[in-house]
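J.: Quick one: the structure is below, questions incoming.
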Ligand code: SF4
Ligand code: SF4
């Protein structure tokens, strides 16, 4: 994943690549010589932004992350021990042909981004990935015990055995 610090992209050819041709280039190795990888991509790097966040160390920190995850399209991932807030949202200037609508005045972060290490072939797998508030809550529960008494009771009443608390999470 890359648009965490820098982002984006070479100028596309004026003639958009048809989807059928685009699908033929699945990896960098398939790229015809002298062509731009961006011409074979659906602008994956224009569909999100991600920002590094402090590593959560307390219950309160995890509750902040739970708040992030209460919002549409917000997720949190951990990569090489750094925590990131990832928001899946499409840039308002991305055009239907996956070209930048403000190419000449695009932000610096977009200018600096290159195809060298971009997410063209990214499988979007992370060391840890949280998509829902329940997931981060479970993670924090394992570290600190239940945050809410009621939530703790619900777990005790559940048909499944209660999860042991206090186990180390790697
Ligand atoms: S993800 Fe890579 S190949 Fe796709 S548009 Fe962005 S820079 Fe170009
Ligand atoms: S400004 Fe252009 S290059 Fe930057 S994210 Fe938006 S569409 Fe993509």
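J.: Which of 143, 37 comes first, and how do the rest follow, when ranked by fewest Cβ neighbours within 10 Å?
T.: So the ranking, lowest neighbour count to highest, is 143, 37.
J.: Among 79, 72, which comes first, then next, by fewest other beta-carbon atoms within 10 Å?
T.: So the ranking, lowest neighbour count to highest, is 72, 79.
J.: While we're on this one: Taking the Cα-to-Cβ direction at residue 104 and at residue 55 and moving 7 Å from each Cα, how far apart do the two end points lie in nm?
T.: With each label placed 7 Å out from Cα toward Cβ, I get 4.7 nm.
J.: Under a plain spin-label model, where a point goes 7 Å from the Cα along Cα-to-Cβ, how far apart in nm are residue 123 and residue 144?
T.: 3.4 nm
J.: Most exposed first by the Cβ proxy, i.e. fewest other Cβ within 10 Å, how do 98, 139 rank?
T.: Exposure proxy ranking, most exposed first: 139, 98.
J.: Could you give me D for the range 19-131, from Stokes-Einstein at 4 °C and 1.567 mPa s, where the hydrodynamic radius is the Kirkwood radius over C-alpha pairs? Units µm² s⁻¹, please.
T.: 80 µm²/s
Read the figures in this text as sums done on the coordinates, not as results from a lab. Keep in mind that this is a model prediction, so the values were computed, not measured. Reconstructed Cβ throughout: ideal geometry from the backbone, glycine too, with neighbour counts over all protein chains shown.
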